[in-house]
Amino acid sequence: MNNEGLEPNNEKRMDGRSNCKGIIKWSYFNHSNFFGGELLNFSQKGFYFETSKAIKTGATIFIQLTNFFPENLSSSDKELLRNVCLGEVKHCNEIIEEDSIHYGVGIKYIFQY
């Protein structure tokens, strides 16, 4: 999965992003069905991941980082990443590739610190 389908002209972020690789699982808040995803970047206020299931914009989701590959990240960047969090889905964009359809999802952390 990759984020080539995102349009760079629509940039609304106020914080810098740190690219990374990680495996997450997510569910709608207070639901027991979990889905997988691949974490691709993060900031102090949220992160971007890709998943095989579309998620409703505005939904509250529970996210747990299950595996993280911290190559080329500073220790201050690593401190910004949350292992477990609640997030609001800010966008969910369909990404069509040759052999698959998946979704790029941007979330904003609900509780800031």
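The values are calculated or read from the model by the stated rules, or taken from the named source; none is laboratory data. Given the structure is predicted, the values throughout are model-derived calculations rather than measurements. Ideal geometry is used to build each Cβ from the backbone, glycine not excepted, and the neighbour counts take in all protein chains shown.
Couple of notes before you dig in:
- Candidates Phe49, Phe68: the one that is modelled with pLDDT of 90 or more, closer than 18 Å to Cys20 by Cβ and not in a loop (DSSP other than H, G, I, E, B) is Phe49.
- Selection within segment 80-103 - of a type in the set (Ser, Thr, Tyr) and part of a loop (DSSP other than H, G, I, E, B): none
- Residue that is modelled with the lowest pLDDT, among those in segment 7-24 that are surrounded by 15 or more Cβ atoms within 10 Å (Cβ to Cβ) and under 20 Å from Ser52 (Cα atoms): Cys20
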